[in-house]
Amino acid sequence: MQKVFETASEAETAKVAERFASISKAGDVWALNGTLGAGKSVFARAFIQFLTGAEEVPSPTFTLVQTYAAPKFDIYHYDLYRLKSAEEIFELGVEEAFYCGVCLVEWPEKMGEFTPRNMWLVDIQIKDGRRIITVSAQDAEKCERLQNVG
């Protein structure tokens, strides 16, 4: 199942991210796909700020991961752009994070064969100056949550 959202500004993209943050729960992994500048970091920042109230949410481009405490779980924001091999993800603590926390993963294709099977897929494309955000889920429980997002 998938839902498509069209946004014309960063503020509108942030509102979409907040809707998904509101349905997120421990064990969710959000794969954020899109070219450089598509809006992956905008989506992740709004998602994190909605759940934590954090004023500053720096991109983990150089640290590869930033962690935030939310009331019900920890949030792990990964930027895997600089990974040289898929095995490096284990040095970032993904096993525990994928199980206990909520993970936002930019450049998820860098995980290669270690990519979790049951992820939320967020594809962000730019078309005619607008962002087209397609969110997909596979299992019945996630599809039900996706269906309830307005």
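Results, tabulated for the structure shown:
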| read-out | value |
| --- | --- |
| Mean separation of Cα contacts under 8 Å (6+ apart) over length of the chain, as relative contact order % | 35 percent |
| Extension gain from LYS84 to GLU144, taking 0.36 nm per residue of separation minus the Cα-Cα distance | 18.0 nm |
| Unsatisfied cross-links (Cα-Cα over 28 Å) in the set LYS25/LYS84; LYS72/LYS142; LYS3/LYS84 | LYS25/LYS84; LYS3/LYS84 |
| Partner aspartates and glutamates for LYS15 [C-alpha distance under 13 Å; skip if fewer than 8 residues away on the same chain] | GLU6 |
| All aspartates and glutamates inside 19 Å of LYS110 as judged from Cα atoms, apart from same-chain residues fewer than 8 positions distant | ASP28, ASP79, GLU87, GLU88, GLU91, GLU95, GLU96, ASP123 |
| Student exercise, the range 12-52 dipole from Lys, Arg, Asp, Glu Cβ charges, in Debye to nearest 20 | 20 debye |
| q = 0.19, 0.20 Å⁻¹: log10 I(q)/I(0) that the Debye formula gives for the chain, counting C-alpha atoms only | -1.21, -1.35 |
| Spatial extent of the range 27-78: Rg and Dmax, with the Cα atoms as the point set, Å | 10.8, 32 |
| Helix-only CD estimate at 222 nm, as mean residue ellipticity for the chain, using -39500 (n - 2.57) per DSSP H run (n ≥ 4) | -8500 deg cm²/dmol |
| Highest-MSF residue in the chain out of ASP79, ASP128, ASP28 [GNM, Cα springs under 10 Å] | ASP128 |
| Gain upon complete extension [ASN118, GLU91; 0.36 nm per residue less C-alpha separation] | 7.6 nm |
| 10 Å Cβ shell holding at most 15 others, DSSP loop, GluC sites (Glu not before Pro): longest site-free stretch of the chain | 57-150 |
| Globularity index of the range 44-115, i.e. its alpha-carbon radius of gyration over 2.2 N^0.38 Å | 1.06 |
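Bear in mind these aren't lab numbers, they're just calculated from the coordinates by the rules spelled out. Since the structure is predicted, the reported quantities are computational estimates derived from the model, not experimental observations. Counting neighbours? That spans all protein chains shown, and the Cβs are built from the backbone with ideal geometry, glycine included.
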